[in-house]
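Read the structure below first, then the notes.
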Amino acid sequence: MLAMTQAPSIKTEYQVTVNYPVWQKVEQIAEQFNLSVSELLEHLAKGQLKIIAVPTNLETLSDREIANYFIWLASQSDVEINVYKLQKLVYYAQAWHLAIYGMPLFNADFQAWVHGPVIPDLLEKYQSQFSCEQIADKIEQPKLSEEIGEFLEEVADAYFEDDDETLERMICDEMPWLEARGNIPRDESCHAIISQESMKQYYSTRIKEETSV
């Protein structure tokens with residue numbers, strides 16, 4: 001028989017009062033991840049999820065601003081980026097922003113080209129005679145908010161080490177690109193738009209799967 005050497009702990013409960021609109025918002029956030037409110041709070045406590053405040057009056061960014069940030073960041077990291085890898089980095093930035101924050105990072109749409117998602121105007125801006133060459137433009141650090149900068153750096157951490165062909169294989173095996181092309185053969189030209197809604201749904205599901213492990 002073991003002797004009790006410590007006094008029993010006293011469980012203290014705290015109550016936080018919030019107004020109903022705030023509670024509704026918490027419930028909506030939990031629902032996005034297919035969680036109850038208590039499960040959401042548990043994930044937050046364990047550091048499996050984090051809440052980042054996003055101002056609702058953000059100035060609309062352009063795809064070129066996002067592209068320029070990646071070009072600048074690559075120059076600081078000795079990472080090579082060609083015009084097609086740049087397209088895929090900008091695509092993933094848009095996709096994960098839609099999934100995490102429920103809103104687009106910029107307004108331009110991607111087309112489901114043979115080798116992955118493309119914004120034609122952005123492609124034309126940076127495309128040289130040899131599109132596989134590293135983008136050599138000298139870019140000063142774009143003036144983005146700290147929150148957006150940190151978000152783009154997280155995207156870079158995830159994908160900078162992958163080359164264009166690796167990113168192509170990844171994206172072309174994911175549902176938004178496949179759905180946009182429909183029954184068009186893999187090697188045939190296509191200019192169908194990859195919908196932001198399909199990107200949001202697919203990548204938010206990926207988040208749910210990863211946080212439920």
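The values are calculated or read from the model by the stated rules, or taken from the named source; none is laboratory data. What you see is a predicted model, and the numbers here were worked out from it, not measured in a lab. Here Cβ is always computed from backbone atoms with ideal geometry, including for glycine, and neighbour counts include all displayed protein chains. Calculation scope for accessible area: heavy atoms of the full protein, side chains included, ligands and nucleic acids excluded. Shrake-Rupley method; radii C 1.70, N 1.55, O 1.52, S 1.80 Å.
Could you please tell me which pairs satisfy a Cβ distance under 7 Å, a separation of 6+ or placement on different chains, a first residue in region 144-164 that is farther than 19 Å from Ser62 by Cα and modelled with pLDDT under 95, and a second residue that is open to solvent by less than 40 Å² (accessible area, probe 1.4 Å) and among the polar types (S, T, N, Q)?
Final answer for the pair search is Asp164/Asn82.
Would you mind stating whether Ile135 is at pLDDT below 95 and open to solvent by less than 40 Å² (accessible area, probe 1.4 Å)? Show your work before the answer.
Numbers: at pLDDT below 95: yes; open to solvent by less than 40 Å² (accessible area, probe 1.4 Å): yes.
Criteria met by Ile135.
Of everything in region 37-61 that's surrounded by 10 or more Cβ atoms within 10 Å (Cβ to Cβ) and not in a loop (DSSP other than H, G, I, E, B), which residue is modelled with the highest pLDDT?
Top of the filtered list is Leu61.
Please give the number of the condition Leu122 fails out of (1) in contact (Cβ under 8 Å) with a residue 40 or more places away in the chain; (2) assigned to a helix (DSSP H, G or I); (3) out of contact with any Asp or Glu (no Cβ under 7 Å at 6 or more places or on another chain).
(3)
If you go through region 27-35 one residue at a time, do you hit one that is outside any helix (DSSP H, G or I) and either modelled with pLDDT of 95 or more or closer than 18 Å to Glu150 by Cβ (or both)?
Checked against the condition, which is being outside any helix (DSSP H, G or I) and either modelled with pLDDT of 95 or more or closer than 18 Å to Glu150 by Cβ (or both), region 27-35 yields no hits at all.
Suppose the filter is in a helix (DSSP H, G or I), under 22 Å from Ser75 (Cα atoms), modelled with pLDDT of 95 or more and of a type in the set (Gly, Ala, Ser); does Ala93 pass it?
Details: in a helix (DSSP H, G or I): yes; under 22 Å from Ser75 (Cα atoms): yes; modelled with pLDDT of 95 or more: yes; of a type in the set (Gly, Ala, Ser): yes.
So Ala93 passes the test.
Could you please let me know if Gln76 is more than 17 Å from Trp177 (Cβ to Cβ) and not in a loop (DSSP other than H, G, I, E, B)?
For Gln76, the condition - more than 17 Å from Trp177 (Cβ to Cβ) and not in a loop (DSSP other than H, G, I, E, B) - is met.
Within region 87-111, can you find the residues that are surrounded by 23 or more Cβ atoms within 10 Å (Cβ to Cβ) and more than 10 Å from the chain's Cα centre (by Cα)?
Gln87, Lys88, Phe110
Mind counting the residues in region 176-213 that are open to solvent by less than 90 Å² (accessible area, probe 1.4 Å), of a type outside the set (Val, Ile, Thr) and in a helix (DSSP H, G or I)?
14
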